[in-house]
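Here's the structure, in structure tokens; my notes come after.
The values are calculated or read from the model by the stated rules, or taken from the named source; none is laboratory data. All values derive from a computational prediction rather than experimental measurement. Cβ coordinates were reconstructed from backbone atoms using ideal geometry, including for glycine residues, and neighbour counts include every protein chain displayed. These area figures cover heavy atoms from the full protein model, side chains too; ligands, DNA and RNA do not enter into them. Shrake-Rupley method; radii C 1.70, N 1.55, O 1.52, S 1.80 Å.
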Amino acid sequence: MGKVMELQQIIYCLLASQIEFGTYKYKDSLPKMEEMSRWCSVSLDTVRGVYRQLKADGYITLTKKAGAAVAVQFQEAELEKNIQTFFSRRRDAVMDLCQSMGPLFSRAQWLAMKSAGPECLDELERLCAPSEILMPYVMVQHIHLLYGFLNNELLLRLIWQAYIFYQAPFLSLPENLAALEDGDVPLLHMIGLCRRKDWEGLWQSIISFQEQLISAISCFYANRITLKTAGEPVSFSWSPYWKSSQRCYSIAIDLMKGVRQGILAQDGFLPSPVRIAEYKQVSVTTVRRTLALLNQLGVTQSINGVGTKVLSTQDSADNCDFTRPVIRKRLMDFIQSLQILAITCGDCAKSVVADACAVRLWKERLAYTKENGQYESVVFASLETIALYSPVQTVRHIYGHLDCCLLWGYPLRSMHGSREEINNFYLPYINLLSECLERCDWDGLAEVLERLVLHELQFAAALLKKLGILEAETTGQTETVS
């Protein structure tokens, strides 16, 4: 799957696969649109679009009186072939996602459950009761209810999309659900730990359940899926933006990346819109929308008859229009990405340093950061190393997007203080990281990096709150497990 799936595509793929697996059989009724909208926490229009597409593709009939019913009849052999084909094509992506569960999702689940109040825990407990709703959709409700407390739309979307990609299809097969239901319901046990405020026990319970799920999926592939990859493999893809058509965002990111790397000099001028359009193979109109966005963000300033000037970080904040909704949304993308990085970077860093090339590059980037005098670049230098060298492809993919989202924070960089104040603050972090890399102290390295990114998050949250972006405050309330 080469492009990022939007909401409608994600739900469509899940329902189509459930029909092809026999979860919903010939003439079975699908959930009402209103129910599906509520279960998946999406708009009724989104679900209506899914059902219309399923009808157009011959999966269902759709009438006002009877609703949606399965129109295609599969024989047992066909159902088995569908299951084998679906999961074999996703084998590599699913196993890679399993490896990413610990570093990417454990801390988020721990923080979400710790943040849940008594009413939320009561509702989660209610959702654990036997229900006519299929387990995949019950879990979707769990996800939206629980992770909503972290006030991080990007994180919620990432968890939801990863779940729909591989866990929901896996749980759509009754045999797999039975393998996970032996003994106590894990979520009920976790809820009990939350009520007792046993946070260490909660952490261990989360790790244990993730290991159980990974084991079940591994056994499923080893013992159940006998078909080698049939057709082109399907990979997992995620983007901070729902609409892949929003090209102006990716072009803006590329231009800001050029500024950060020194390819486009501050106080210099960008190439003309026509040249940018030719290079990016987009319309001049798209480029002009991109430049308007960068002007509003305070990265650039268009001067009639002269061109588009790249502003310094010192001038950026003065020229940023913090009142514009699109700018406030991009700044929320920045801080939400920073929160995800803060709660994942420690574990991800420990997996990266097993690669000698990663250690060497990290050392070189820290040395270069000291040489060029931009000490705050230590954050990018460290996180980019993870994006390049994580042994897990999913982590590399997600960190690549998150690192790019940090560029939306460009107008905030000058608000750290004077150059001397900035360098005095970041120098100890550079030295500590360098020392840990020299000593091969990977636990120490992870702790220092986590502390650094957590500081960045809390500073940015406080700054955005002062600028009137009040929703940033709760995003900055992140803590470590220890």
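Top to bottom by accessible area (1.4 Å), largest first, where do Ser382, Ser131 land?
I get Ser131, Ser382, largest accessible area first.
Which value, in debye to the nearest 20, gives the size of the charge dipole of the range 76-121 about its Cα centre, when Lys and Arg are +1 and Asp and Glu are -1 at the Cβ?
For this selection, approximately 260 debye.
Which number do you get for Rg(Cα) / (2.2 N^0.38 Å) in the range 408-460?
1.27
Over the Cα atoms of the range 326-417, what Rg and Dmax result, in angstrom?
That works out to 13.7, 41 Å for Rg and Dmax.
I'd like the accessible area for His455: 1.4 Å probe, protein heavy atoms, all chains in place, Å² to the nearest 10.
It works out to around 50 Å².
Placing one identical point scatterer on every Cα of the chain and ignoring solvent, what is log10 I(q)/I(0) from the Debye formula at q = 0.11, 0.13, 0.14 Å⁻¹?
-1.01, -1.32, -1.45
So what's the range 13-52 giving for Rg/Rh, alpha carbon basis, Kirkwood Rh from the mean inverse pair distance?
Rounded to two decimals, Rg/Rh equals 0.97.
Could you order the peptides 293-300, 77-84 from most to least packed, using the average number of other C-beta atoms within 10 Å per residue?
293-300, 77-84
In the range 113-148, what GluC sites (Glu not before Pro) fall in a loop by DSSP, with at most 11 other Cβ atoms inside 10 Å?
Within the range 113-148, the qualifying GluC sites (Glu not before Pro) (loop, at most 11 other Cβ atoms within 10 Å) are Glu132.
If amide H atoms are built 1.01 Å from N in the plane of the peptide, which residues on other chains or at least 5 residues away come under 5 Å of the amide H of Thr308?
Answer set, sorted by chain and number: Leu270, Ile303.
Which semi-axes, in whole Å and largest first, does the equivalent ellipsoid of the range 99-160 have when worked out from the alpha carbon gyration tensor as the square roots of 5 times its eigenvalues?
20, 15, 10
So, with +1 on the Cβ of K and R and -1 on the Cβ of D and E, and no other charges, what is the size of the charge dipole of the range 12-61 about its Cα centre, to the nearest 20 debye?
It comes to approximately 120 debye.
When the convex hull of the Cα atoms of the range 1-82 is projected onto a plane and the area is averaged over all directions, what value comes out in nm²?
Mean projected area of the Cα convex hull: 5.6 nm².
Give Lys329/Lys350; Lys25/Lys81; Lys32/Lys64 a once-over and call out the pairs whose C-alpha atoms are over 20 Å from each other.
Pairs exceeding 20 Å: Lys329/Lys350.
Go from 0 up to the bin containing the longest alpha carbon distance in the range 210-368, width 10 Å each, and give me the % of pairs per bin.
Here the calculated profile for the range 210-368 is 8, 24, 27, 22, 12, 6, 1.
What is the helix-to-structure angle for 186-195, meaning the angle in degrees between its Cα long axis and the longest Cα principal axis of the chain, kept from 0 to 90 and rounded to the nearest 10?
Result, in degrees: 50.
If you place +1 on the Cβ of every Lys and Arg and -1 on the Cβ of every Asp and Glu, how big does the dipole about the Cα centre of the chain come out, in debye to the nearest 20?
Around 1600 debye, computed over the chain.
With angles folded into 0 to 90 degrees, how steeply does helix 419-439 sit against the dominant principal axis of the chain? Use alpha carbons for both and round to 10.
60 degrees
How much of the accessible area of the chain, probe 1.4 Å, is carbon plus sulfur, in whole percent?
Using a 1.4 Å probe with all protein chains present, the chain comes out at 52 percent carbon and sulfur.
If you split all Cα-Cα distances of the range 361-482 into 5 Å bins from zero, what percentages do you get per bin, shortest first?
2, 10, 18, 22, 23, 15, 7, 2, 0
Along the charge dipole of the chain, pointing to its positive end and built from +1/-1 on Cβ of Lys, Arg, Asp and Glu, which listed residue (Gln53, His416, Leu467) has its Cα farthest out?
Value computed over the given set: Gln53.
Can you give the Kirkwood hydrodynamic radius of the range 249-334 from its Cα pairs, in Å with one decimal?
So the Kirkwood estimate lands at 13.0 Å.
Jot down the per residue volume, in cubic angstrom and as a whole number, of the convex hull over the alpha-carbon atoms of the range 103-244.
It is 133 Å³ per residue.
In 10 Å bins starting at zero, report the fraction of Cα pairs in the range 56-151 per bin as a rounded %.
Result, from short to long distances: 12, 24, 31, 25, 8 percent.
How far, in degrees from 0 to 90, does helix 7-21 lean away from the longest principal axis of the Cα atoms of the chain, to the nearest 10?
Helix 7-21 and the main axis of the chain meet at about 30 degrees.
Taking the mean number of other Cβ atoms within 10 Å as a proxy for protection, how do you rank 10-20, 317-327, 199-209 from highest to lowest?
10-20, 199-209, 317-327
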